[in-house]
Amino acid sequence: VLPSVAGNVLMSLSDGGLQYFLAGARGSVGLKAGRYMFEVKIVEILNPTEVRSQHARTWTPRQLLRIGVATSTSNLFLGDTSDSCCFDSEGQFTHNKSSATVAQKFAREQVLAVVLNLDPSSPNSNTISLFRDGQRMCQPQKLPEALHGKPLFPAVTWRNLSVHINMGPVPMAKMPFVCRMVQDAAASDVQLASPPKAKDGKYEVVCPVCLPDEGTFEWLDFFLQRHPDYAELSDRKILEWAEASGIWRAKPYGTPTPGFSNDKPDLHFGIPQLDDGGISRILRAIAATQHRNLVLMEVKGNLMKEDREAALKPFNMPHFQRVAQVVIGEPDRMFKERAQAALLKEKQAAADAEFQKKLLEEKQKSLLRKRQRELAVEKRRAERAAKRQKREQEEAERNVAQEAAGDEQKDDGEKEEEKKVEEESDDDEEEGKMEEDPPEPQPPKVELTEEEKRCWFKTPAVPDLTPSVFGSCFTQFTIPSKEEGFDEIRYEWDRKTKCADYFKEWLLTKKLVTRVEEPTPSDAFQQQHVAWQTQVQRWRQVQFDWKEAQAKAKAEKAAKKDGEKKEGDEAAASAEATAPEAEAKSEDVGRATEAQAMEEDLEEGPLDDEDLDVFGVASICDVGKGQPLFARWTWEDWALLSLRWELHALAHFFRKDASDPERGYVHVDHLPFYYTRYFRKVISPSAYGVETLEQLLGFVSDSVYITPKRCVESHLSEDLDSFDIFAKLTEECRRERLLLIDSGDDRAVLAFSQVVLGAAMARGAPARPPAPGLVPTR
């Protein structure tokens with residue numbers, strides 16, 4: 001609002017998108033008795049240039065005027081709340097967002113007079129009337145009950161207009177009756193609003209420094225409630241201003257928008273002047289010229305040194321006291337009580353909603369059962385009516401026959417049947433009566449758990465900062481100091497030293513649990529990864545060669561058995577062999593037995609020894625008789641081998657690659673993200689037949705573990721002479737798993753997904769693995 005030099009003309013700003021917002025002003029003299037009036041005249045209609053996207057809607061009316069009265073604590077948007085009422089240029093009378101058409105529209109150069117009648121002796125007491133050029137435009141409108149007995153201040157709200165305000169003592173238009181103006185009101189009938197007083201001649205510019213999601217805006221709302229003379233400058237207030245001004249946007253107001261936060265809500269309206277964020281800068285520039293107390297609210301900006309210094313520069317003026325309000329640490333008792341009350345209210349609302357949902361379901365089921373019973377009764381009644389009609393017809397025919405024969409007696413069977421039908425009819429009447437509905441139960445009263453009572457802050461439905469914004473800048477958060485330009489630093493909850501300790505512990509915790517958005521694997525990791533892939537391929541080649549040798553030996557054994565059988569058949573055919581021939585045959589059988597023993601030795605090796613010391617093996621490629629340690633491995637074992645080394649390498653190299661040593665830890669919640677960035681593939685618990693990452697890490701607990709702070713660490717040293725230890729751990733785990741399965745423990749059976757973990761691994765090994773020393777391509 002720009003007041004004129006004369007002080008009685010109000011103009012609205014129209015630069016930077018402000019032409020879309022409503023402006024407002026309220027008088028400093030409140031009326032509490034008598035009958036008084038004030039006048040308003042539109043002296044200029046503004047038509048600023050508008051630029052909007054093709055998806056934005058045209059809003060109407062472009063020019064708007066509201067005139068009325070409000071209490072001293074009301075906002076400047078007349079008619080939006082219960083503590084104000086007004087007439088507008090569309091001819092409507094509005095209170096608490098409820099409107100009714102009571103008059104014609106009014107336009108430029110018309111003198112509009114608002115008459116407020118608070119005289120108890122008048123027949124129109126507690127009413128408000130509107131006159132145009134001295135002529136009544138509508139019947140007196142009753143003041144809402146919420147405004148009775150309160151001092152009411154003249155107020156005006158407008159958009160794209162310049163308006164002339166006349167408080168008296170002489171009216172611009174002659175009225176049909178004598179009515180004093182506000183400026184001429186008796187001192188006993190008015191109450192003066194005390195303007196905000198400057199402390200020591202200076203107004204305060206407060207920068208709240210709060211940690212995200214730790215009662216930030218709850219504290220601010222409570223602060224503004226206790227200090228109504230402070231004006232908040234923030235994006236959330238701009239959004240509230242846009243909603244009160246009727247600016248349309250695609251996303252309904254009050255609906256959380258993904259990707260936005262409480263600190264930076266969605267301010268996209270399809271209007272370039274508003275979408276570029278320039279209105280926030282304009283408002284701060286204008287606020288620096290005002291003499292009033294301000295709150296500069298930005299969660300992220302107020303936590304960063306450079307942003308704080310930039311925000312304070314426009315307010316480096318003699319009439320401002322720049323204050324940093326540090327709201328960090330354990331809150332005071334009053335805040336805790338408010339937070340727990342809000343949490344209890346939210347919990348009760350959720351319980352009530354669930355209760356009403358179940359109650360509605362029960363009512364629907366009850367109505368369905370009642371309707372089914374009614375249909376069953378109607379069906380039985382119809383069947384009995386048909387039987388009764390049939391019986392009456394038969395009885396009529398029988399009576400005719402009896403009259404002809406002179407016999408009028410009914411046999412006992414017919415009487416019994418009539419009695420039975422009458423009893424069944426009575427039962428239907430009793431069953432068909434409407435059951436009285438039981439009294440509606442009341443929802444249960446909820447209570448806070450002990451854990452909830454220990455909670456200091458209520459988790460907001462919308463975060464104060466989005467995860468991406470928080471993760472990219474929280475390491476730069478600092479506590480303010482006077483060197484940044486502050487005249488005073490106040491600590492709201494904890495003293496300076498305790499507040500610094502709390503902040504340091506909070507920052508360290510956030511470094512552990514907050515994801516590093518752009519981790520970059522180092523060249524050292526890439527070289528180690530290539531070396532690992534090469535080594536695994538060599539091991540698989542050794543296993544492949546050993547299996548081929550086994551298969552070849554088995555084939556030779558089978559061919560030899562076939563040859564022996566053929567020779568045996570021929571020997572049986574020549575029953576008259578000489579004794580020397582018998583001795584030769586005996587020698588052949590002995591040689592066959594010896595060859596069979598040698599072949600059995602090929603099939604059985606050191607791995608079949610239960611007492612084999614896996615970790616004492618000198619060479620994992622030959623534990624004896626040419627048998628490798630991984631000879632019996634299936635594709636699941638190879639998957640576990642890779643998982644062991646990958647998690648071990650990730651834990652060590654992520655710490656080395658991190659720019660901040662305090663952030664060099666792989667938190668369990670971010671393990672899938674880091675794993676994908678380092679190995680370019682997805683790790684999923686479901687692929688390993690489990691539900692959680694903790695269960696997945698349990699497969700390789702001999703290599704990695706989860707710390708009390710839920711970070712993944714390796715049991716093994718970073719400097720290893722070879723990769724053999726991972727193969728030995730995998731073999732030891734395989735042997736223990738087989739023992740558990742043999743003992744009947746079905747939980748030891750692996751349920752890995754071959755499709756997810758890879759078709760090549762699912763087949764156990766490729767048909768022809770790459771030659772040793774070659775790295776497989778992706």
Legend entry - Longest DSSP-loop-exposure-free segment, GluC sites (Glu not before Pro), the chain, at most 12 other Cβ within 10 Å: 110-407
Inset, instruction - Give me the distance between the Cα centres of segment 628-665 and segment 67-115, rounded to whole Å. - result: 71
Legend entry - Eligible lysines near residue 561 by straight Cα distance, threshold 20 Å, same-chain separation 8 or greater: 552, 585
Inset, instruction - Just name one of 703, 355, 186: the one whose Cα is farthest towards the positive end of the charge dipole of the chain (beta-carbon charges, Lys/Arg +1, Asp/Glu -1). - result: 186
Legend entry - Which listed pairs, of 453/709; 370/390; 458/510, have C-alpha distances above 28 Å, in listed order: 370/390
Inset, instruction - Would you mind checking the pairs 547/625; 264/300; 199/237 and listing those with alpha carbons more than 18 angstrom apart? - result: 199/237
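Tally up the carbon and sulfur contribution to the accessible surface of segment 629-739 as a whole percent, 1.4 Å probe, everything protein left in place.
C and S atoms contribute 50 percent here.
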Legend entry - Residues residue 448 and residue 662, FRET efficiency given R0 of 25 Å [Cβ-Cβ distance, rounded to 0.05]: 0.15
Legend entry - Karplus-derived HN-Hα couplings along segment 268-273 (A = 6.51, B = -1.76, C = 1.60, θ = phi - 60°), whole Hz, x at Gly and Pro: 9, 10, x, 10, x, 5
Legend entry - Model label zone, residue 170; criterion: amide N under 20 Å from point 7 Å along Cα-to-beta-carbon; scope segment 94-119: 110-114
Inset, instruction - Would you be so kind as to identify which of 469, 441, 84 lies farthest towards the positive end of the dipole of the chain, taking Lys and Arg as +1 and Asp and Glu as -1 on Cβ and the Cα centre as origin? - result: 84
Legend entry - Alpha-carbon centroids, segment 323-367 and segment 486-517: separation in whole Å: 28
Inset, instruction - For residue 481 paired with residue 291, estimate the spin-label separation in nm (one decimal), with each label point 7 Å from Cα along the Cα-to-Cβ line. - result: 3.6
Inset, instruction - Would you grab the residues whose amide H sits under 5 Å from the one on residue 86? Only those 5+ places off in sequence or on another chain, please, with H modelled 1.01 Å from N. - result: 94
Inset, instruction - State to the nearest 20 debye the size of the charge dipole of segment 34-192 about its Cα centre, where the only charges are +1 on K and R beta carbons and -1 on D and E beta carbons. - result: 340
Legend entry - Positive-end extreme of charge dipole, the chain - chosen from 327, 149, 367 (charges on Cβ): 149
Legend entry - In sequence order, calculated HN-Hα J values of segment 476-487 (Karplus, 6.51, -1.76, 1.60; Hz; x Gly/Pro): 9, 5, 9, 8, x, 9, 5, 4, 7, x, 7, 7
Legend entry - Sulfur and carbon atoms: percent of accessible area, segment 258-323 [1.4 Å]: 55
Legend entry - segment 60-168, accessible surface, carbon-and-sulfur percent (1.4 angstrom probe): 45
Legend entry - Accessible area per residue in Å² at 1.4 Å probe, computed on the chain: 56
Inset, instruction - Hand me the trypsin sites (Lys or Arg not before Pro) from segment 108-188 located in a DSSP loop with no more than 15 other Cβ atoms within 10 Å, in residue order please. - result: 108, 174
Inset, instruction - Let me know the charge dipole size of segment 600-716 about its Cα centre in debye, to the nearest 20, where only the beta-carbon of Lys, Arg (+1) and Asp, Glu (-1) is charged. - result: 1160
Legend entry - Simple spin-label estimate for residue 121 and residue 747 in nanometres, 7 Å along Cα-Cβ: 9.2
Inset, instruction - Work out the length of the dipole vector of the chain about its Cα centre, built from +1 on the beta-carbon of each Lys and Arg and -1 on the beta-carbon of each Asp and Glu, and round it to the nearest 20 debye. - result: 6380
Legend entry - Cα gyration tensor shape for the chain, rounded if a/c is under 1.5, else prolate or oblate: oblate
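When only DSSP loop residues count, what trypsin sites (Lys or Arg not before Pro) in segment 475-541 have their Cβ near at most 10 other Cβ atoms within 10 Å?
495
The values are calculated or read from the model by the stated rules, or taken from the named source; none is laboratory data. From a predicted model like this one, the values you see are computed outputs, not experimental measurements. Positions of Cβ are generated from backbone atoms using ideal geometry, with glycine treated the same way; all protein chains shown enter the neighbour counts. The accessibility values were calculated without ligands, DNA or RNA, using every heavy atom of the protein model including side chains. Shrake-Rupley method; radii C 1.70, N 1.55, O 1.52, S 1.80 Å.
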